[in-house]
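Please read the structure below before turning to the comments.
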Amino acid sequence: MPADESDVYRALSVKARLEMLRFIAGRPKTIQEVADRFGLTQFTARYHLRFLEDARMIKRYEVRGRRGKPRIYYAISGRTPLLTYPRREYQGFSELLLSFLTNKLSKDDLKQALKEVGRRLGRERMEELAARSGIESWTLQEYREHYLGEALPQEVGEVEMVSEASDRLVFRVYSCPVQELAQKYPDQLCTAMEQGIREGVVEATGGKLAIVRRKSLARGQGYCEFEVSNTVGQQALETAEEETSRAAH
């Protein structure tokens with residue numbers, strides 16, 4: 001059931017609630033995390049979050065441990081409304097278009113088409129970012145600073161860094177611009193198009209980076225997790241290992 005538009009405007013009429021929504025969009029948060037982030041008591045934080053719940057912009061769920069009370073988390077509902085006037089139903093149109101293409105094209109042709117769209121999207125996104133940020137040659141550090149630190153958060157909210165090293169990094173995102181559609185069409189969007197986006201990003205870096213997806217939000221794993229590695233360093237390491245192996249023989 002969609003949220004009443006008046007509930008949405010009421011929820012966002014207070015700036016703090018918009019900031020809370022952005023904070024939660026990165027990854028699910030406990031009431032204590034929200035309270036600490038905004039310098040509020042749990043009672044006051046819960047009061048504001050209730051408006052976002054009533055507008056169906058966030059949801060609550062429990063995580064039970066072995067002992068004690070279950071922990072309650074707040075997360076983006078996946079049905080966050082688009083506020084425009086006049087109303088523009090981009091999601092409905094996108095779903096209708098994808099449904100039409102699914103019926104008209106073979107499974108392989110559709111995947112190939114969406115993969116090519118994703119590749120172009122990923123490549124153009126990185127090229128625009130490079131031009132805007134003055135990046136002449138992509139490195140893992142440039143990718144970390146400009147793509148993960150600036151560009152991607154504008155689309156998915158907070159990016160969680162799981163691990164970082166000189167030659168590789170792992171990050172997670174808990175939201176997706178096409179999350180609802182991806183859950184309905186995982187093979188088309190989360191396999192074909194998403195793979196194309198990664199390939200386009202790699203092409204834009206001149207093949208200096210490799211990107212592997214480990215987990216997928218649309219497949220019920222709670223988040224998307226990616227590993228990005230420096231292929232130049234990896235190739236050098238593999239070459240050194242091959243030379244060592246040949247010398248040993």
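The values are calculated or read from the model by the stated rules, or taken from the named source; none is laboratory data. Note that the coordinates shown come from a computational prediction; the quantities given were computed from them, not determined experimentally. Every residue, glycine among them, receives a Cβ derived from its backbone with ideal geometry; neighbour counts consider all protein chains shown.
A single member of 40, 12, 49 is at pLDDT 90 or above, within 26 Å of the chain's Cα centre (by Cα) and either over 18 Å from residue 157 (Cβ atoms) or among the aliphatic types (A, V, I, L, M) (or both), and it is 49. Filter segment 49-69 down to the residues that are touching a Leu at 6+ places or on another chain (Cβ under 8 Å) and either surrounded by fewer than 15 Cβ atoms within 10 Å (Cβ to Cβ) or assigned to a helix (DSSP H, G or I) (or both) and list them by number. Scanning segment 49-69 gives a single hit, 52. Total residues in segment 134-147 satisfying the condition of being in a helix (DSSP H, G or I) and within 18 Å of residue 203 (Cβ to Cβ): the figure is 5. Scanning segment 190-222 for residues that are modelled with pLDDT under 85, in a helix (DSSP H, G or I) and within 13 Å of the chain's Cα centre (by Cα) yields 190, 217, 218. The residue pairs whose first member lies in segment 30-43 and is over 16 Å from residue 58 (Cα atoms), whose second member is among the basic types (Lys, Arg) and not in a helix (DSSP H, G or I), and whose beta carbons are closer than 9 Å, counting only pairs six or more residues apart or on different chains, are 37/29.
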